[in-house]
Amino acid sequence: MNPVYFRLHPFCYFVNESQHACIYDTNQGRMVELDSENSQIIQKCEANVPVTLTDRAFLEKLQELNLGTFYESLPFIDAFINDNKKIKSMMFPNNHYLNRMFISLTNRCNLNCCFCSEDYKLFRKTGCKKWPLNHERQLLDREQWYSLIRSFRKLGGDELLFIGGEPLLQKELLLDLIRFSRMNHIRGFTVYTNGQLLDEETLKLFSSYQVKVKLQLSSLDEDTNESITGVRYGHEEMSGLIENMLGAFIEVQPVLLVSRYNEHQVEKTIADLKKISSKLKPILDFLYPKPANPHYSSKWEGAMYEKTKQFGKVSIEKLNHLRMYNECLYGQVAVTETGEVLPCPMMRDLSLGNIANDELVDILNESNYNDFISMNKDQVGKCSGCSYRYNCSDCRALERAATGQFEQMEYCSLKL
């Protein structure tokens, strides 16, 4: 009997690790998990070892899934996914193309949340935080902000995200920078805000410039909000605010920050938000437990460690990109109110330089910026041995805060 061979299709990428393996199917955008026995079969097939009778039943199932096919002669398969470092460097050149820039206009906030202190302790992903102000530095003036925005645009930048603190405490500067940025052909704008300072003028400009709003909230219950933020507001006020934004055709996404103080209201709050408008797609954010955070929700701790629900659709572009770069940090930069340039808005103690002294492009070229953007999962602790690593994301700022190391991983429940 002549030998028969089986090979995965070129659009499939096989990753085999000690505990588990999977096939990345970029044609249908999925991952197919394999146990150790079946992964060994695929290893043999990919090495052009002839198919045995005992292996054939499993391989026929893969053929039905359109993951591979049988060959009557020795096949040569030219894969779409290339492991050659020289070719990958040509596909993803080492330049400093930027897509988005976070701008912190103030470290102050109009709320006084019981879990938010003015320090470098980090217990959440991207969102509002009262950071220490560098009193040795002057606040940037308008001309410095204008110069920064022009430099950002020259590097390909097309999205500005305003964060704090509460950005609307610097309302006039915020609105002015949005106007100036649009004049310089920047199209995307997002503002992280608790919404308490939104007025008619701001809503009008947000509507005209298609500004997206990340509406950060803790509850729709008056008593709960007062106990958490020190300000009494509830369903009626928040409902009116959201309806005003939607009425002005502003894209708004509520972000519910889960803590021990609102953990039993989460499901009801999400349901009530959706009742305000079916257009709303609220998401959950969390106060995380480490290091030694007494404010986190033990009820929702499992969700903080859950990774598989975060897996997205597989594609050739995404797969190649995540094998080279960090999904979050690549194409991103953040700048504080005093001009400190950061790889991430939540890494306030990792300054790359200051735009009061140097141009943005010079800071990126002369600092260790590349170390941050190239921190892919192959370099991260237990992630390096996980076959799912090219379809997974995390918050390096949060993981660094939890473990004390930039290359380690805390918030993952997968057993490796």
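Some points to look at:
- Within region 272-289, the set of residues being within 23 Å of ARG124 (Cα to Cα) and open to solvent by less than 80 Å² (accessible area, probe 1.4 Å) comprises LEU273, LEU280, PRO282, ILE283, LEU284, ASP285, PHE286, LEU287, TYR288, PRO289.
- When region 347-380 is limited to residues that are touching a residue at least 60 places away in the same chain (Cβ under 8 Å) and open to solvent by 10 Å² or more (accessible area, probe 1.4 Å), the one that is nearest to LEU139 (Cα to Cα) turns out to be ALA356.
- Failed item, numbered, when SER147 is tested on (1) small (Gly, Ala, Ser); (2) touching a Ser or Thr at 6+ places or on another chain (Cβ under 9 Å); (3) in contact (Cβ under 8 Å) with a residue 60 or more places away in the chain: (2)
- Considering region 306-317, the residues that are among the charged types (D, E, K, R) and under 15 Å from ASP394 (Cα atoms) include one that is least open to solvent (accessible area, probe 1.4 Å), namely LYS307.
- Boolean, ALA397 is within 25 Å of LEU148 (Cβ to Cβ), under 16 Å from the mean Cα position of the chain (by Cα) and small (Gly, Ala, Ser): yes
- Residue count for region 264-305, restricted to those that are in contact (Cβ under 8 Å) with a residue 12 or more places away in the chain, over 18 Å from ASP394 (Cβ atoms) and of a type in the set (A, V, I, L, M, F, W, C): 5
- Region 382-406: number of residues that are in a loop (DSSP other than H, G, I, E, B) and either over 18 Å from THR308 (Cα atoms) or among the charged types (D, E, K, R) (or both): 4
- Scanning region 366-416 for residues that are acidic (Asp, Glu) and over 17 Å from LYS318 (Cβ atoms) yields GLU366, ASP371, GLU399, GLU407, GLU410.
- In the condition set (1) open to solvent by less than 30 Å² (accessible area, probe 1.4 Å); (2) part of a helix (DSSP H, G or I); (3) farther than 18 Å from ALA303 by Cα; (4) touching a residue at least 12 places away in the same chain (Cβ under 8 Å), GLY240 is compliant with all but (4).
- Filter result (part of a loop (DSSP other than H, G, I, E, B) and among the hydroxyl-bearing types (Ser, Thr, Tyr)) within region 225-237: TYR233
The values are calculated or read from the model by the stated rules, or taken from the named source; none is laboratory data. None of these values were measured; they are calculated from a predicted model. Glycine gets a Cβ as well: all are built from the backbone with ideal geometry, and neighbour counts include every protein chain shown. Note: accessible area is taken over every heavy atom of the protein model, side chains too, but ligands, DNA and RNA are not part of it. Shrake-Rupley method; radii C 1.70, N 1.55, O 1.52, S 1.80 Å.
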